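Please read the structure below before turning to the comments.
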Amino acid sequence: MGERTIRFRVNGRPVEVTISDNMLLLNVLRNKLGLTGTKYACGIGECGACTVLIDGEPALSCLVLAADVDGKEVTTIEGIENGFQEEMVRNSGVQCGYCTPGFVVLSEFMPKYFGDRDPTEDDVRKYFAGNVCRCTGYLPIVKSGLNFMKKIRSSRK
Amino acid sequence: MKLTNYTNTRVLPVEFDYYAPKTLDEAVKILTSVDNAYPLAGGLDLLVFIKLGFLRPRALVNVKSIQGLRYISDDGDSVKIGSTTTVLDLERSELVRRHLPLLYRVSRDFSSMQVRSMTTVGGNLASASPASDLATALLALDARIGIYGPSGYREVPIDSFYLGPRKTVLARGELLAYVKVRKSAAGEGFGYQRIARIYEDIAKVIVAARVRIEDGKFSEVAISLGSVAPRVIRSRSVEQALLGRPASQSVIDEASRLTVNDISPIDDMRSTAEYRRDVAPVLVRRAILEAVSEVV
């Protein structure tokens with residue numbers, strides 16, 4: 001197993017990293033690029049703490065080979081500024097904060113996923129089904145999701 | 001499979017070479033010539049197995065880098081789906097929503113957003129889990145599996161594709177290239193029932209049903225089940241008990257009870273054989289009723 005250089009973009013900026021073939025995107029982001037906002041928790045794709053966007057689509061970075069993002073566009077929590085974050089602060093949706101990056105990154109995909117549809121509370125809960133939170137009991141996070149989508153829709157009018 | 005690495009899932013504890021072929025032929029060449037080489041699609045099964053110590057490949061061949069495999073196209077009386085199409089692609093496809101309503105329903109309720117976005121149709125089908133929602137639904141639709149290998153293309157009906165738990169007819173060097181599914185026709189209705197511990201979990205029992213009603217009678221029936229046998233199966237006993245009979249509550253109730261003749265569930269980490277034997281006929285009955293109610 002040799003080394004290779006991969007070139008990709010993170011939050012809009014081009015990066016170049018030397019990796020070995022069995023490295024995971026999560027560890028390259030955290031250890032090689034210093035972007036520690038994306039978290040490791042379960043490592044097997046069940047908790048959502050490692051959620052990033054790859055070419056705009058949700059992905060679990062603990063199950064993506066770093067080599068697999070060569071030439072692609074990766075978005076992490078460090079590159080997101082959206083209304084969902086504001087709502088999370090307003091609604092006390094952050095306690096220990098460990099699950100939060102995963103939720104926020106996934107929220108970025110909500111407008112694209114729901115389109116013109118008006119999501120119900122059930123829709124938002126199902127949307128975040130892959131993100132586990134141990135602290136909040138999910139209520140303030142779901143409320144933030146609903147409010148975020150309401151704001152998106154009213155700004156579209 | 002014995003769990004040998006339970007504590008560290010942060011890294012892949014195996015050294016392997018990575019390949020990113022651009023064409024099917026390139027991929028096939030690598031898979032036939034390199035020892036212990038596995039195709040890598042979404043990685044949700046494969047990389048987890050490597051992390052947990054179940055697999056120690058010498059090489060991984062990324063099939064997502066192959067050009068021209070991620071598509072959903074109108075194929076006349078069928079819809080053709082390329083193997084690196086994701087389940088999220090299926091959910092967001094107008095073609096699927098209009099012509100493959102059962103597949104749309106499966107994709108909309110599939111696991112979590114992240115898993116749905118990463119799971120490829122080919123990867124899910126080829127990894128041959130007996131609990132695959134996709135495989136269960138496609139079996140009820142009599143889908144055809146397109147395989148590409150050293151001798152080119154071949155097509156097999158999905159019922160012949162599966163041999164047992166995590167075993168398919170794919171030979172060394174062969175890749176699942178596409179799936180062909182017949183478009184839904186007038187007079188057809190579909191049902192999809194599953195039961196799991198929580199919404200996005202892998203199911204304890206899965207049922208997919210396709211019926212065709214003509215003159216108030218079942219002219220076509222397909223009932224498939226997942227998670228209750230070594231592979232996804234069709235319940236021929238139920239199908240035969242419905243064909244030609246009126247689509248009435250009592251006929252459906254009676255036929256559903258025959259489900260137990262066709263399943264061979266086991267105790268596993270998700271459920272017990274006893275529970276599955278109790279619940280499968282109930283879900284079959286509900287799926288048939290759901291399908292019948294859809295027929296206008």
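The values are calculated or read from the model by the stated rules, or taken from the named source; none is laboratory data. If you're wondering where the values come from, they're calculated on a predicted model, not measured in any experiment. Cβ placement follows ideal geometry from the backbone for every residue including glycine, while neighbour counts extend to all protein chains displayed. Side chains included, ligands, DNA and RNA excluded: accessible areas come from the protein's heavy atoms. Shrake-Rupley method; radii C 1.70, N 1.55, O 1.52, S 1.80 Å.
In debye, nearest 20, what is the charge dipole magnitude of the protein assembly as shown about its Cα centre with +1 on Lys and Arg Cβ and -1 on Asp and Glu Cβ, if you could check? Don't skip to the answer; put the middle values down first.
Working: 60 positive and 53 negative charges, 86 e Å.
The calculation lands at about 420 debye.
Which FRET efficiency value, to the nearest 0.05, is calculated for residue B:282 and residue A:1 with the Förster distance at 56 angstrom and r the Cβ-Cβ distance?
Step by step, r from the Cβ atoms, then E = 0.65.
Counting partner chain Cβ atoms within 10 Å of every residue's Cβ in A:63-72, what's the average? Mind dumping the intermediate values first?
Numbers: counts 13, 4, 9, 1, 7, 8, 0, 4, 2, 0.
Rounded to a whole number, the mean comes out at 5.
Over all residues in A:53-59, what is the mean tally of Cβ atoms on other chains that come within 10 Å of each residue's Cβ?
4
Averaged over peptide A:42-50, how many Cβ atoms belonging to another chain are found within 10 Å of each residue's Cβ?
Details: counts 1, 8, 7, 13, 7, 2, 4, 0, 1.
Mean inter-chain Cβ contacts per residue within 10 Å come to 5.
If each residue of separation counts as 0.36 nm, what is the full-extension length gain between residue B:67 and residue B:236 once their alpha-carbon separation is subtracted?
Numbers: separation 169, 0.36 × 169 = 60.84 nm, distance 3.94 nm.
Stretched fully, the residue B:67-residue B:236 segment lengthens by 56.9 nm.
Please label the shape of the stretch B:1-140 as rounded, prolate or oblate, based on the square roots a ≥ b ≥ c of the eigenvalues of the alpha-carbon gyration tensor (a/c under 1.5 means rounded; beyond that, a/b larger than b/c means prolate, else oblate).
Verdict is oblate for the stretch B:1-140.
Taking the Cα centre as origin and putting +1 on Lys and Arg beta-carbons and -1 on Asp and Glu beta-carbons, what dipole magnitude results for chain B, to the nearest 20 debye?
Details: 40 positive and 34 negative charges, 97 e Å.
Using Cβ point charges on Lys, Arg, Asp and Glu, chain B gives about 460 debye.
Could you check the spin-label model distance between residue B:58 and residue B:248? Points 7 Å from the Cα along Cα→Cβ, value in nm.
6.6
For the stretch B:1-118, give the percent of accessible area contributed by carbon and sulfur heavy atoms, probe 1.4 Å, rounded to a whole number. Before the final figure, lay out each step's value.
Working: 2520 of 5190 Å².
Ligands and nucleic acids excluded, carbon and sulfur give 49 percent.
What distance in nm lies between label points placed 7 Å from Cα along the C-beta direction at residue A:11 and residue A:92?
According to this spin-label approximation, the distance is 2.9 nm.
Given a 1.4 Å probe and every protein chain left where it sits, what share in percent of the accessible area of the stretch A:10-90 is carbon and sulfur?
On the way: 1320 of 3030 Å².
Using a 1.4 Å probe with all protein chains present, the stretch A:10-90 comes out at 44 percent carbon and sulfur.
Rounded to the nearest 20 Debye, what is the dipole magnitude of the stretch B:29-181 about its Cα centre when Lys and Arg each give +1 and Asp and Glu each give -1 at the C-beta?
So the dipole magnitude of the stretch B:29-181 works out to roughly 440 debye.
Please report, largest first and rounded to whole Å, the three semi-axes of the ellipsoid equivalent to chain A, where each semi-axis is the square root of five times an eigenvalue of the C-alpha gyration tensor. Spell out each step's value before the answer.
Values: eigenvalues 170, 55, 32 Å².
Computed over chain A, the values are 29, 17, 13 Å.
Tally Lys/Arg at +1 and Asp/Glu at -1 over every other residue whose Cβ is under 11 Å from the Cβ of residue B:17; what's the total?
Counting the neighbours of residue B:17, the net charge comes to -1.
Just to be sure I understand the interface: list residues from the stretch A:130-147 that lose 20 Å² or more of accessible area between the chain on its own and the complete protein assembly, 1.4 Å probe.
Buried by the other chains: A:130.
Which loop-located GluC sites (Glu not before Pro) does the stretch A:85-157 contain, where loop means any DSSP state but H, G, I, E or B and the Cβ has at most 14 other Cβ atoms within 10 Å?
Qualifying residues, ordered by number: none.
Work out, step by step, the length gained on full extension between residue A:152 and residue A:118: first 0.36 nm times the residue separation, then minus their alpha carbon distance; give nm to one decimal. Don't skip to the answer; put the middle values down first.
Details: separation 34, 0.36 × 34 = 12.24 nm, distance 1.05 nm.
Extra length from residue A:152 to residue A:118 when fully extended: 11.2 nm.
Go ahead and estimate [θ] at 222 nm for the protein assembly as shown from helices alone: -39,500 (n - 2.57) per DSSP H run with n ≥ 4, summed, over the residue count, rounded to 500.
Helix contribution divided over all residues of the protein assembly as shown: -8500 deg cm²/dmol.
Quick one: check the C-alpha center-to-center distance for the stretch A:111-157 versus the stretch B:192-248, whole angstrom.
The stretch A:111-157 and the stretch B:192-248 have Cα centres separated by 34 Å.
How long are the semi-axes of the equivalent ellipsoid of the protein assembly as shown, taking √(5λ) for every eigenvalue λ of the Cα gyration tensor, in whole Å from largest down?
37, 28, 21
Label points 7 Å out from Cα along the Cβ direction at residue B:153 and residue B:274: separation in nm?
5.1
For the stretch B:166-210, which chymotrypsin sites (Phe, Trp or Tyr not before Pro) are both in a DSSP coil and crowded by at most 14 other Cβ atoms within 10 Å?
B:199
Working from Cα positions, state the angle (0 to 90°, nearest 10) between the long axis of helix B:273-294 and the longest principal axis of chain B.
Helix B:273-294 sits at roughly 70 degrees to that axis.
Quick check for you: with a 1.4 Å probe and neighbouring chains kept, what is the accessible area per residue of the stretch B:68-190, in Å²? Present the calculation step by step, with values, prior to reporting the outcome.
Numbers: 4150 Å² over 123 residues.
I get 34 Å² per residue for the stretch B:68-190.
DSSP beta bridges in the stretch B:1-111, what fraction antiparallel, as a percent rounded to 5?
So the antiparallel bridges amount to about 35 percent of the total.
Taking only the alpha-carbon atoms of chain B, what semi-axes of the equivalent ellipsoid follow from 5 times the gyration tensor eigenvalues under a square root, in whole Å, largest first?
Over the Cα atoms of chain B, the semi-axes work out to 34, 22, 16 Å.
Can you give me the Kirkwood hydrodynamic radius for the stretch B:150-296, using every pair of distinct Cα atoms, in Å to one decimal?
After inverting the pairwise mean of 1/r, the radius is 16.4 Å.
Given B:42, B:112, B:84, which one lies farthest toward the positive end of the charge dipole of the stretch B:1-137, if we put +1 on the Cβ of every Lys and Arg and -1 on the Cβ of every Asp and Glu?
B:112
Sort the following peptides by mean Cβ neighbour count (other Cβ atoms within 10 Å, averaged over residues), highest first: B:259-268, B:200-209.
B:200-209, B:259-268
State the answer as a single residue: which of B:196, B:8, B:59 lies farthest towards the positive end of the charge dipole of chain B, with beta carbon charges of +1 for Lys and Arg and -1 for Asp and Glu, about the Cα centre.
Farthest towards the positive end: B:8.
What shape does the stretch A:1-77 take by its C-alpha gyration tensor, where a ≥ b ≥ c are the square roots of the eigenvalues and a/c under 1.5 counts as rounded, a/b above b/c as prolate, and the rest as oblate?
oblate
Just subtract the alpha-carbon distance of residue B:98 and residue B:33 from 0.36 nm times their residue separation and send over the number in nm, one decimal.
Fully extending the segment from residue B:98 to residue B:33 adds 19.2 nm.
Roughly how large is the A-B contact in terms of buried accessible area, totalled over both chains, probe 1.4 Å, nearest 100 Å²? Walk me through the numbers before you get to the answer.
Numbers: alone 8380 and 13970 Å², together 19500 Å².
What A and B bury together is about 2900 Å².
Between rounded, prolate and oblate, where does the stretch B:97-235 land on the alpha carbon gyration tensor, with a ≥ b ≥ c its root eigenvalues, rounded for a/c under 1.5, else prolate if a/b exceeds b/c?
Oblate, since a/c reaches 1.5 and b/c is not below a/b.
Where only protein heavy atoms count, and the probe is 1.4 Å, what is the accessible area per residue for the stretch A:118-157 in Å²?
Numbers: 2190 Å² over 40 residues.
Here the per-residue accessible area is 55 Å².
Expressed as a rounded percentage, what relative contact order does the stretch A:1-88 have, with Cα pairs under 8 Å and six or more residues apart?
Answer for the stretch A:1-88 is 33 percent.
Rounded to the nearest 5, what % of DSSP beta bridges with both residues in the stretch A:3-127 are antiparallel?
90
Share of antiparallel DSSP beta bridges in the protein assembly as shown, in percent to the nearest 5?
Antiparallel bridges: around 85 percent, rounded to the nearest 5.
If I take R0 = 25 Å and measure r between the Cβ atoms of residue B:201 and residue A:135 in this structure, what FRET efficiency does the formula 1/(1 + (r/R0)^6) give, to the nearest 0.05?
Step by step, r from the Cβ atoms, then E = 0.70.
Calculate one ³J(HN,Hα) per residue across the stretch B:12-21 by plugging θ = phi - 60° into the Karplus curve 6.51 cos²θ - 1.76 cosθ + 1.60, and present them in order as whole Hz with x for glycine and proline.
8, x, 9, 9, 8, 8, 10, 10, 10, x
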